[in-house]
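First up is the structure itself, then whatever we jot down about it.
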Amino acid sequence: MAVSRLRTDAVTKGRLGPRVIADLKAGLWPVDCQSCGRPLGRWPAAALEVVAEEGDGFAVASLHHPRCRRPAWQDGQPGASVERPLLSWRAGCTLLPPSGLPTFLVNPSYECALLRRADDTGWRVATLEPFVALGLALDFPSRRPPVVPALSAALDGDRISVDVRHEGGVLHAWHDVPIGADVADAVRASGDVLVAVTTLLDVSKPFPLDVLLALLGARRVALGPARLTSVRRSGTDRALRADDFSADVRRRSFALAYGLLSLSRPPRDAVVAAALALCEGDEAPVRELRGHAKLTALFLVSHLYALGSRDAARAVRRGGGVHVIAPDAVRAKEYADFFAALLEGARTMTVARLGAEPLSAEGGAAYLADIVIGTGEEFAACCAAYREAGPEFALHAGRGRLALLVEGSGTDPGPEALTRRYPRLAVV
């Protein structure tokens, strides 16, 4: 249920007033503490913290354990980070009457709400406004609207994923949401899915359809169609397999990589287990990881599959190498910086970030590294350049044993055109 009780301080009560406090209670849900990440629980009253950026008229209200954060109003610095790694989201799929419109319903923000100054003295809840700014609408469409460029959807059997992008970056990634066969059929038939964003429903639990319809009528849901893109998951023929390496080779590679990681931050057992599962073709555990944990798991796997990148004389081997395909330049830099720091000074393995012109000396050398990291667009440009360059770049054209396609790495004309040449492929 939504928050029934909130611990608030006098300053927050005075600045927000009873109406906004009531709106926050209706749109905040006690899932995880935004300080420690542990469950808030249903019965204890959560502490409300509001952080307002000076001068921009926005503030963020969030829920915490009272022991983790005292109720307070904080005036933050302009441009402070808006990342919320502990924020919960939930999504589900349905067919909306009367025409059976395939709909992806998502609550993107269970424990946080965006506030906006309505005038010199008041505030209002504005969590949906960023979605409206991206092209979603608050009015239910009377006719089929055009797709929203910021939205894209990928259908994978009984799962659907939706990305929200802006200026080349992924703002939201709602992945691997179960979808019924009837809804999936409707999505395939129409070529898009209506994305419905609201914070007034707990999407993880059943609710009467009338409640959703009432919210739609009250303009409390942001709506926009997402184009269905063709994202191919790794099939069983190209999935990673336990017999790709002997148990002894895998053990020694993981031990060496573990040693490099342990110099800064030893990986948790669950992260190592997820990496081992991926080496046996099970992508799900790694997909569930986030942040440093996912970087660590993918480093363990990349280190293993990069072992065959060179021959005994350390010469570059055709068909070898690991390609990490990131969803955007920011993520590519994050992966490259993480991997490079671990392999700094190592003589047995190299890592490179794409970015230079493919046929330049710098670009050509980067593509021959044991682990290559870049965006889908950068890898597509390299593939096209080397395919047309002739014998001088034949070694480059044949590189890449394993592609790790980080979720959201869609490219035009599509990931399948980019990844179908790899003997091993994992969507992580």
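The values are calculated or read from the model by the stated rules, or taken from the named source; none is laboratory data. Keep in mind that what you see is a predicted model, and the values were worked out from it rather than measured. All Cβ positions, even for glycine, are placed from backbone atoms using ideal geometry, and neighbour counts span all protein chains on display.
Numerical summary
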item	result
Spans of helices (runs of 4 or more DSSP H) in the stretch 274-349 with at least 3 residues closer than 26 Å to Leu395 by Cα	291-305, 329-343
In the stretch 110-151, residue farthest from His175 (Cα to Cα) [restricted to those that are of a type in the set (S, T, N, Q) and without any contact (Cβ under 8 Å) to a residue 40 or more places away in the chain]	Thr121
For Ala384: the one exception among (1) modelled with pLDDT under 90; (2) within 30 Å of Leu171 (Cα to Cα); (3) part of a helix (DSSP H, G or I); (4) in contact with a helix residue (DSSP H, G or I) (Cβ under 8 Å, 6 or more places away or on another chain)	(4)
Strands (runs of 3 or more DSSP E) fully within the stretch 113-212 counting 2 or more residues that are more than 22 Å from the chain's Cα centre (by Cα) and assigned by TED's automatic domain parsing to the domain that holds Phe58	123-125
Enumeration of residues in the stretch 1-33 that are buried (at least 16 other Cβ atoms within 10 Å of the Cβ) and out of contact with any strand residue (DSSP E or B) (no Cβ under 8 Å at 6 or more places or on another chain)	Lys13
Failed item, numbered, when Ala154 is tested on (1) of a type outside the set (Ser, Thr, Tyr); (2) under 25 Å from Val330 (Cβ atoms); (3) without any contact (Cβ under 8 Å) to a residue 60 or more places away in the chain	(3)
Residue within the stretch 183-194 that is crowded, with 19+ Cβ neighbours inside 10 Å and modelled with pLDDT of 95 or more present	yes
In the stretch 344-370, the residues that are touching a Leu at 6+ places or on another chain (Cβ under 9 Å) and modelled with pLDDT under 90	Ala346, Thr348
Qualifying position, being of a type in the set (Phe, Trp, Tyr), surrounded by fewer than 16 Cβ atoms within 10 Å (Cβ to Cβ) and closer than 21 Å to Ser88 by Cβ, among Phe131, Phe207	Phe207
Test result for Ala222, in contact (Cβ under 8 Å) with a residue 24 or more places away in the chain, more than 19 Å from the chain's Cα centre (by Cα), assigned by TED's automatic domain parsing to the domain that holds Arg90 and farther than 19 Å from Pro97 by Cβ	yes
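Okay, residues lined up against (1) touching a Ser or Thr at 6+ places or on another chain (Cβ under 6 Å); (2) in a strand (DSSP E or B):
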| residue | (1), (2) |
| --- | --- |
| Val60 | no, yes |
| Arg70 | no, no |
| Cys93 | no, yes |
| Val106 | no, yes |
| Ser109 | yes, no |
